[in-house]
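Remarks on the structure that follows.
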């Protein structure tokens, strides 16, 4: 009930805010004919009410799998609309404050507007453009910047896969593993895809690198195992001579669709997802480990179920994952959420040489170069993209293969990582 009141209050605020923007835009185009204003009003308010209705339906009604993509479109449209209007807001406020100050100076009683200052964007005699019109048009132009960049992220960034090549230094690495190549992908989120051909192109890029073994670090789906229906054959082609090893992410358990409590449907969905890993030939590690052998020498591949902090579930059991691995010189851990590294691994499991994660997506927005990276997600996660080191232990966070919510990426592009294992 509290959540409902929160959303109702937010909707009321957005309607008031929409009306504020609507009046400002009408004021800056006084030359519009009555018919033009009527069409503009109809389109503006129809879009607003349909968008708010769509958000309510997306949040409160359980939609069939067919409509999940439609829900994503509604939520993204809502996000883009709100962002653009809030970018315009400072310009509208600046104009109103400016006009209020002028009124108070010229008419302290504030009984009626002065005739010397045009209102809400109307042109004054002899002025090529009023200050109000200038501010509001500047706001409209500025609001177009995030709209343009986020739209570009949908059309260009969503499937713009990039291969990142890294050296993974492991001082205790057996000689037989020197130069072995490891591939990593993470956060496929198949329920968000809408272009199978582009997804296949990314898989072909990974296979062209010829990795000796591959890690997938969780979130195969958004919620339902059936989301893999159109993509299972594509990801079945992810193969490697020494195997493909996978783990589960927070989305794979169906908590966001069935709720956090246990249910028969939820358990069946998870079993279907586990079966999907098996059918693709991926070795799913659920609080378990494997011995990877090359020329008689071995290293350990460990994998835990999701282990997150805050609202994210803790299904991982490291005590089971490390069982019978004490003799192995190197131990590589698959754990979806990078917060697991600082919260538990560093303190309790110093024998873990390197951990591989995903989860953050780099928030699908930011800036990433060879020597600098920034994203709003860094204010939520201390480790959110790339390599991190504490003492002899390392963490690598992959920013993901797919996307969630916003169906695109700006600056933080989908990642395929190739590691070359080295002793020094």
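The values are calculated or read from the model by the stated rules, or taken from the named source; none is laboratory data. It should be emphasised that the depicted structure is a prediction, and the values quoted were computed from it without experimental measurement. Cβ placement follows ideal geometry from the backbone for every residue including glycine, while neighbour counts extend to all protein chains displayed.
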Kindly check whether there is at least one residue in the range 253-260 that is within 17 Å of residue 183 (Cα to Cα) and surrounded by fewer than 13 Cβ atoms within 10 Å (Cβ to Cβ).
no
Of all residues in the range 264-281 being closer than 20 Å to residue 315 by Cα and in contact with a strand residue (DSSP E or B) (Cβ under 7 Å, 6 or more places away or on another chain), the one that is surrounded by the most Cβ atoms within 10 Å (Cβ to Cβ):
277
For residue 349, state whether it is free of Cβ contacts under 8 Å to residues at least 12 places away in the same chain and either closer than 26 Å to residue 159 by Cα or touching a helix residue (DSSP H, G or I) at 6+ places or on another chain (Cβ under 8 Å) (or both).
no
Exactly one of (1) surrounded by 14 or more Cβ atoms within 10 Å (Cβ to Cβ); (2) in a loop (DSSP other than H, G, I, E, B); (3) more than 26 Å from the chain's Cα centre (by Cα) is unmet by residue 187. Its number?
(3)
Is it the case, given these coordinates, that residue 327 is surrounded by 24 or more Cβ atoms within 10 Å (Cβ to Cβ) and assigned to a loop (DSSP other than H, G, I, E, B)?
no
Under the condition of being assigned to a helix (DSSP H, G or I) and touching a residue at least 24 places away in the same chain (Cβ under 8 Å), which residue from the range 259-272 is nearest to residue 332 (Cα to Cα)?
270
Report whether or not residue 363 is in a helix (DSSP H, G or I) and either free of Cβ contacts under 8 Å to residues at least 60 places away in the same chain or touching a helix residue (DSSP H, G or I) at 6+ places or on another chain (Cβ under 7 Å) (or both).
yes
Of these, 242, 206, 168, 182, which one is modelled with pLDDT of 95 or more, part of a loop (DSSP other than H, G, I, E, B) and either touching a strand residue (DSSP E or B) at 6+ places or on another chain (Cβ under 7 Å) or outside the structural domain of residue 330 (by TED's automatic domain parsing) (or both)?
242
Checking residue 391 against (1) over 17 Å from residue 160 (Cα atoms); (2) without any contact (Cβ under 8 Å) to a residue 60 or more places away in the chain; (3) in contact with a strand residue (DSSP E or B) (Cβ under 8 Å, 6 or more places away or on another chain), which single condition isn't satisfied?
(3)
Assuming residue 281 fulfils every condition listed in (1) modelled with pLDDT of 95 or more; (2) assigned to a loop (DSSP other than H, G, I, E, B); (3) under 26 Å from the mean Cα position of the chain (by Cα) apart from one, which condition is it?
(3)
From the list 358, 402, pick out the single residue that is in contact with a strand residue (DSSP E or B) (Cβ under 6 Å, 6 or more places away or on another chain), in the same structural domain as residue 249 (by TED's automatic domain parsing), crowded, with 24+ Cβ neighbours inside 10 Å and modelled with pLDDT of 95 or more.
358
In this structure, does residue 31 turn out to be exposed (fewer than 11 other Cβ atoms within 10 Å of the Cβ) and at pLDDT below 90?
yes
For the range 366-375, name all the residues that are touching a strand residue (DSSP E or B) at 6+ places or on another chain (Cβ under 7 Å) and outside any strand (DSSP E or B).
366, 375
